[in-house]
Each structure stands twice: as structure tokens, then as C-alpha cells.
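K.L.:
Right, I'll just put the structure down here and ask away after.
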């Protein structure tokens, strides 16, 4: 029975990308106040829900914290080996193209966003290994999103591929100088894009 309970627990936590302080406390087998103190002191990184005092902790950060403090991670660790990709574009057809192409590839796990704001929230909670980023978003230009990702120590290593149909060569070089790993002009060859994603993620 205990083995079955552990398996169910692993399955439960494996499906979550972001945790409350209460959930983190349960996983780490410490009090919620201990987790809150670690969060507030900066030993455990995360973000606050806008407009509230609620704290949230991304999966990758909780795993880092557990390993740093010699807490077993077998309950939470995701051994699927899939790389997480965030697609950020306000064109539903482009998003559908990516979801269809990447979603059928067992190497990847996909999430999507249509605004810079949503992209920022998902970058924190989902923890993507790579972001496919439209240059012109409805609320902000993609280069601003790129800059924020690069200047955040928890996301600085995230791979970024820009896609756009209206960027000139000088702007492309500026994007790469700002931290973009690559640029592809719309319309693009999805096969070539998949190859490039594999190269950047080493899969």
C-alpha cells in the first residue's frame, strides 16, 4: 500500500509546474512558515501572484532548493526528459502550427501565450528551456520580453528564437546582440525550425 501511495504522490506532483508554499512545505516535509521564511529571505526564489500576497514557486526552483538542502527530490522530479517549449505569438494559426508540429514530437512539452504579459507569467511558472517569440506582440515588443528574460538570473539561460515577417536585417542583428539565439522570418520551414530547436536544446 505504501508503494502505491508514493506512486500516486509522484504522479500528483509531476503534473504541477508551480507550487504554493503549502505544497512546497508538504513536499519538503517542513512547516509552511519555514518555506515562507526561505522565500522572503531569498533562499527560495519565486514570484507573488499579482494583486495579492500569495507566493508561488516554480518547479525547477523548488528542485534546486531541495537539492541544495539535501532534501530527496524523487517525489517531485520529472524524469520524462522532455524539453519545455513556450510559444509566444498572437496569431492563432501560427500557434496552431507550432502546437501541431511540436506537440507530436515526444521530445517536447508545449505551452502557449499570446501576450508579453502572459509570456512573463508562464516563463516563471512553466520554466521553459526554449521560447519561440514573436517580435511584434499586442502589448509589448518581443525584444523587451527577451531583455527581461536575459536579465533574470533564473531564466538567463533560456534559449530564445524570434520569428517575424516584418523585421529588417539591422533589427535582426540587434535582436541577436540583445540575447536572441536565432531568428526565423515568416513564413518559415517548420522542418528547419525543428532541426534548429533540436540543436539549441541538444536533443
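K.L.:
Given a cut-off of under 8 Å on Cα pairs at least six residues apart, what relative contact order in percent is computed for the range 59-138?
P.N.:
Details: 99 pairs, mean separation 29.5, N = 80.
Averaging sequence separation for qualifying contacts and normalising by length gives 37 percent for the range 59-138.
K.L.:
Turning to a different aspect of this structure: Given points 7 Å out from each Cα along the Cα-Cβ axis, report the residue 147 to residue 176 separation in nanometres with one decimal.
P.N.:
2.1 nm
K.L.:
Only bridges with both residues in the chain count here: give the DSSP antiparallel percent, nearest 5. Can you show the working numbers first?
P.N.:
Working: 6 of 25 bridges.
Taking every DSSP beta bridge within the chain, about 25 percent pair in antiparallel fashion.
K.L.:
Could you give the length gained on full extension between residue 30 and residue 82, defined as 0.36 nm per residue of separation minus the Cα-Cα distance, in nm?
P.N.:
Working: separation 52, 0.36 × 52 = 18.72 nm, distance 2.95 nm.
Difference between extended and current length: 15.8 nm.
K.L.:
Per residue of the chain, what 222 nm ellipticity follows from adding -39500 (n - 2.57) for every DSSP H run with n ≥ 4, rounded to the nearest 500? Numbers along the way, then the final one.
P.N.:
Working: 9 runs with 94 residues, N = 203.
Mean residue ellipticity at 222 nm (helix-derived): -14000 deg cm²/dmol.
K.L.:
Let me ask another. Please compute, over every Cα-Cα pair in the range 47-111, the percentage with a separation greater than 19 angstrom.
P.N.:
Working: 1164 of 2080 pairs.
Pairs farther apart than 19 Å: 56 percent.
K.L.:
Calculate the spin-label point distance for residue 115 paired with residue 96, positioning each point 7 Å from the Cα along the beta-carbon direction, and give it in nanometres.
P.N.:
2.3 nm
K.L.:
Okay, moving on. Tally the DSSP beta bridges in the range 83-201 and give the antiparallel ones as a percent, rounded to 5. Can you show the working numbers first?
P.N.:
Numbers: 1 of 20 bridges.
Among the beta bridges of the range 83-201, antiparallel pairing accounts for roughly 5 percent.
K.L.:
Moving on. Which label belongs to the value computed from this structure, given these candidates for log10 I(q)/I(0) by the Debye sum over Cα atoms at q = 0.09, 0.10, 0.13, 0.16 Å⁻¹: [x] -0.35, -0.42, -0.67, -0.94; [y] -0.39, -0.48, -0.77, -1.07; [z] -0.29, -0.36, -0.62, -0.98?
P.N.:
[y]
K.L.:
Among 194, 102, rank each residue by its count of other Cβ atoms within 10 Å, from fewest to most, as a rough exposure measure.
P.N.:
194, 102
K.L.:
Remind me, relative contact order of the range 83-201 in percent, using alpha carbon pairs under 8 angstrom and six or more residues apart?
P.N.:
Values: 182 pairs, mean separation 27.7, N = 119.
So the answer I get is 23 percent.
K.L.:
Moving on to the next point. Quick one: give the max-minus-min coordinate of the C-alpha atoms of the range 83-201 along each principal axis, largest first, in Å.
P.N.:
Here the spans come out as 32, 30, 27 Å, largest first.
K.L.:
Sticking with this one: Pairs of Cα atoms under 8 Å, at least six residues apart: use those to get the relative contact order of the chain, whole percent. Let's see the in-between values first.
P.N.:
Working: 279 pairs, mean separation 30.7, N = 203.
Here the relative contact order equals 15 percent.
No lab work stands behind these numbers, since they all come straight from the coordinates. Note that the structure is predicted; figures quoted are calculated from it, not measured. Glycine also receives a Cβ, built like all others from the backbone with ideal geometry; neighbour counts cover every protein chain displayed.
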